Each structure stands twice: as structure tokens, then as C-alpha cells.
Amino acid sequence: MEPLALTGNYRLAASILVGMAFGFVLVKSDLTWRKTTLNMLLLKDGRLIKTLLFSLAVGATLFFFAFNFEWVHLKIRPGYFWASLIGGIITGLGMAFCCRVPITAIASFASGRLYALWTLIGMLLAVPFVQVISGWLSSSIYNWSEPINTHEPITKYMDVSNPALWISAISLVVLVFVHFTLGGDEE
């Protein structure tokens, strides 16, 4: 069975339609506003956290089954613990500083909030910066630990070693905790 893949104009058309639909959802859910993300980070509003956790739980499960039905194929680069940890910290600091992630910055700019341009410029400048220091990164951070083994196929969803099960379970437990401790809309 071939993976789900589009080519040519169909791929471009699907990308445009999905991008427009996703942009519409981002604007209608107020994710283009800096205040929405700031309230999430300050734990004043739990709506966005709950949405992200639920999406993570459902997405991990759906991707697991799509992979086992051979609808998608994985092309996984080796992961390194310290590189992933440092990258996660930098990403978290960037999100806390800008109150945006790349997709919300683009949607914010596209919906007329021109101040999101500064966030986009910062994100674009990060790409050549990583290219400049990539030699140092390869000879240092990637040598601090062995690659994480990501090529063991798992066929049972309820297997204890299944990362999709753990991601979904932990996300749902944290979701329930957030639901009962944080409020919804502050308005």
C-alpha cells in the first residue's frame, strides 16, 4: 500500500486549502492575539493549554495507527538528548518572549497585525545563525550523548514501550489536571 501522497498541482492546491482553513481557525480562535498566548503562559486562561494537550493526545494516536496501516512513512533523523533539550529551551524562551510560535506569527501578520513582523524577522534570522554555528554544534552538542534509538517498530498500541501511548496518556492526565485547576475564558 502506498502512503498518502499528493504530487504536482494537487499537492499545491491541498496545501493552499489546508493553509487557508488553518489560518481561519487560528484567527477565529484568537490565537493571532499576543494576549491569548500570554494568558496561557501566565496560567490565567487554560483554553489554549487544553486544546494543545488534547491535540497532542489525539494526534499521537492517529499518527500511530496511520503508520501501522502504512498510510504514512517515517523519515526520522537520529535524535540527541542534549541537542533536543537545548533546542526546547531556546524555543520555549522564544515563545515566552514573543508570545508566538511560527504559525501564529504568520497568521497574526496575515490578519493585519503588522507588529508580528518583528517576530517573523527574528525567526528568519535564526536560520542563518544556526547555519553559522552548525560546525560547532556538530562537534560539541551532538557528541555529548549517543543518538536516541527511534527505529524500533511498535505494532501494538497498548504496548508499554509505545511512545504514542505514553504521549497520549500523559497529555490526557495533564489535560484533566488543567481542566480542574485553571479557568476557561477570563472574560
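The values are calculated or read from the model by the stated rules, or taken from the named source; none is laboratory data. Keep in mind the model is a prediction, meaning the values are calculated, not measured. A quick note on method: Cβ atoms are made from the backbone with ideal geometry, for glycine too, and the neighbour counts reach across all protein chains shown.
I need every pair where a residue in the stretch 175-187 that is in a helix (DSSP H, G or I) and modelled with pLDDT of 85 or more has its Cβ under 6 Å from the Cβ of a residue that is surrounded by 12 or more Cβ atoms within 10 Å (Cβ to Cβ) and small (Gly, Ala, Ser), sequence separation at least 6 or different chains.
Pairs found: VAL178/GLY46.
For residues that are without any contact (Cβ under 8 Å) to a residue 24 or more places away in the chain and not in a loop (DSSP other than H, G, I, E, B), tally how many sit in the stretch 37-57.
The qualifying residues number 5.
Do we have any residue at all in the stretch 107-130 that's in contact (Cβ under 8 Å) with a residue 60 or more places away in the chain, in a helix (DSSP H, G or I) and not small (Gly, Ala, Ser)?
No, every residue in the stretch 107-130 fails to be in contact (Cβ under 8 Å) with a residue 60 or more places away in the chain, in a helix (DSSP H, G or I) and not small (Gly, Ala, Ser).
Within the stretch 24-37, is there a residue that is surrounded by 13 or more Cβ atoms within 10 Å (Cβ to Cβ), at pLDDT below 85 and acidic (Asp, Glu)?
yes
From the list LEU53, LEU6, LEU12, LEU43, which residue is exposed (fewer than 14 other Cβ atoms within 10 Å of the Cβ), in contact with a helix residue (DSSP H, G or I) (Cβ under 7 Å, 6 or more places away or on another chain) and either at pLDDT 80 or above or over 26 Å from ALA116 (Cα atoms) (or both)?
LEU6
Does GLY19 satisfy the condition of being of a type outside the set (A, V, I, L, M) and either touching a residue at least 12 places away in the same chain (Cβ under 8 Å) or farther than 19 Å from PHE109 by Cβ (or both)?
The answer is no for GLY19.
Can you name the condition, by its number, that GLY88 falls short on among (1) assigned to a helix (DSSP H, G or I); (2) of a type outside the set (S, T, N, Q); (3) within 18 Å of the chain's Cα centre (by Cα); (4) crowded, with 16+ Cβ neighbours inside 10 Å?
Going through (1) assigned to a helix (DSSP H, G or I); (2) of a type outside the set (S, T, N, Q); (3) within 18 Å of the chain's Cα centre (by Cα); (4) crowded, with 16+ Cβ neighbours inside 10 Å one by one, GLY88 breaks only (4).
Among PHE64, PHE69, PHE97, PHE24, which is the only one that is closer than 29 Å to GLU146 by Cα and more than 15 Å from the chain's Cα centre (by Cα)?
On the way: PHE69 fails: closer than 29 Å to GLU146 by Cα; PHE97 fails: closer than 29 Å to GLU146 by Cα; PHE24 fails: closer than 29 Å to GLU146 by Cα.
Testing whether each residue is closer than 29 Å to GLU146 by Cα and more than 15 Å from the chain's Cα centre (by Cα) leaves just PHE64.
Please identify the pairs in which a residue from the stretch 62-85 that is surrounded by 12 or more Cβ atoms within 10 Å (Cβ to Cβ) and in a loop (DSSP other than H, G, I, E, B) has its Cβ atom under 8 Å from the Cβ atom of a residue that is modelled with pLDDT of 75 or more and not aromatic (Phe, Trp, Tyr), counting only partners at least 6 apart or on another chain.
VAL72/ALA66
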